[in-house]
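What follows is a set of notes on a single structure, which appears directly below.
The values are calculated or read from the model by the stated rules, or taken from the named source; none is laboratory data. Model, not experiment: these values are computed from the prediction. When we count neighbours, we look across all protein chains shown, and the Cβ atoms used for this are built from the backbone with ideal geometry, even at glycine. SASA here: full protein model, heavy atoms, side chains in, ligands and nucleic acids out. Shrake-Rupley method; radii C 1.70, N 1.55, O 1.52, S 1.80 Å.
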Amino acid sequence: MFTLSCWDSEGDHCLPPATIMVPLGEDGALPEGFRLWRTTKGRRGAHYKVALRWSEGQPEQKKSTDLGAIQIGDADEYALADLLAGSVPAAPQSFWVRRDSMAEIDAAVAGVERMANDLRAEAQEPFTAPVSSEGAALLMDANGNALLGLRSTGLDYVPSRDLVARYAAALGVEVGYSATRVQIIPVDGQSLSVGGEFTGATVTRAGVENFDTTGALELYGLKLANGNPIGLRGPLSRGWDMTALPTGIGPARPHSRHITTGYVIGSVRNRYRAAAGLPLIPALVGSLGVPGAFIEALDKDSQVTDRGVAGDLIWRNKLWWHDQAKRLLAGKAYEIPWLVWLHGTSSGKAGDAAGHYLGKMRAYFDDFRAMLAAKGITGLARVILMQDAADTDTSALPWHVVDEHLQFCEEGSAVLAGPLYPYEVWDDNVHPSADQTILFGEVIAWAMAEVEAGRQWTIRRPVASISGNVLSLHYASLREDEVLTAHDAAKYGGVGISNLGFEMEGATITGVSVAGHTIRIGFSGTPTQVRYAHQRRNATGAGNKFTAHRGLLRTSLSRTAEMLPDQRIHRWSPSYIINL
């Protein structure tokens, strides 16, 4: 048996510590042509430990003896007896290979490091420390990240692109972005689907352009009916020039004044898919929303009398965009996995009666899916939405749309990515700036990936129960890997919010506590209703940055935003009303 004492190299080969078992001939000789890799003559004390094993007696007994240690130099051949008669340097005391003891590391190991540093989504996350609760590093790169290490579950390593490609070829699977599949993701609704202004935002267009948006696609060569070119922002309430067909599909580009929600989702979607262990598939995104448009104006049955919209122009725009996407994707496998919905403010501002908007949503998405089926465009076409947060003055109107967004998701008709109330507005009305659009756009992409990976996402309204003077609200839909938590109370500057955002009818709140998946609200009186992030007040005024609906309750699940790495995104509790 020849056991290499530590990591070493020969030429282009990296040698792990391992044991070679060699059967001896009847005369005790090694096999003809037997070869051992050369060691590095003491650079790291690398050597072979030599041992002999045999069996004898009846019943058979296995015996062994250590013969010594040898090193293999540059000679063409050696006699084992001569090698055993020599001496070798003592091995170093530390078993782990550290960067500071590898100043002269061989080209093979350096090559491994270079390949690992070139990894992207297809690589595993490296260890963050040589020895930690995560495991122990055996080989590290120049940045202190482990390329090879031991976890409690066994050996773990960061593969190179070349290695992943070879495995994929052997298994018949794709590596990196698929060259044969594309996912179509239309973003529909009102102004929030069109995007947030760069004016007043913490992010600039130049900064957005520097972000790696690999995998985000748009249609090129689109024009308005007046001949003006139009990009990812879409035609809004105007018509496409349907005689000027788009010329192709290319990388998505930010608008000069806005960052569209579709651009954000397309840019980060595959980063969140990679984190969830899902394959990378390019996303063709389209902005089909119209600022201020009522839901009646978006549907195929829209008429000139429907709240000021001239016929079915908006619907025809959508039909044409999907036709062009289908035409340009000929030869690819394409599908629509998601329909993004950012709409509802118009219904709230109009004071629509309870149930009106909910019924219109059901009809609209039935028609949308029927349209896709008629065009032969497959896919689950699941609706994913952000819950409306009203505007800055909710003092006079009920804003039923907010709760109906939640009802639509609770009945299984959509996935609730999250509420909009935590995101700042720049105009003392309803419109988030570019940086806030990035944050909630990333939450949508995060939710998509989690659902596609088979994990729960929609947070439903809690189950209410009263015992004495305590109302318990149990969030039964939360995941096992999260708990409720109170966000920083300074978020709204203490204005327009108390008790984390909870309010009661018929009773006075005396205290709110958070534990696990449950909220406990102490009260005096006889409560008839509890509301969360559903305030009725006028919040307008100089310096105001939020809508009237405000809350501080979220879960412990949080992560760094991809496009804004200095900020974090969270899973916030939706707004809701519960009658007691």
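Pairs of lysine residues in region 181-579 that meet both criteria, 8 or more places apart or on different chains and Cα atoms under 18 Å apart, total 12.
For region 443-580, the solvent-accessible area with a 1.4 angstrom probe is 41 square angstrom per residue. Computed from label points 7 Å out along Cα-Cβ, the spacing between Val514 and Ser395 is 3.0 nm. As a ratio to 2.2 N^0.38 Å, the alpha-carbon radius of gyration computed for region 181-579 takes the value 0.97.
Extension gain for Ala179 to Ala136 (0.36 nm times residue separation, less C-alpha to C-alpha distance): 11.8 nm. Look at where the Cα atoms of region 542-580 and of region 184-214 average out, and the two centres are 19 Å apart. The distance separating the Cα centre of region 222-236 from that of region 385-442 comes to 27 Å. Rg then Dmax, both in Å and based on the Cα atoms of region 433-513: 16.4, 47.
Asp27 to His570: FRET efficiency via 1/(1 + (r/R0)^6), r the Cβ-Cβ distance, R0 51 Å, to the nearest 0.05?
Details: r = 74 Å, r/R0 = 1.45.
Efficiency at R0 = 51 Å is approximately 0.10.
Here's how it looks for Thr510: its modeled amide H is under 5 Å from those of Gly522, Phe523, Ser524, which are all 5 or more places away or on a different chain.
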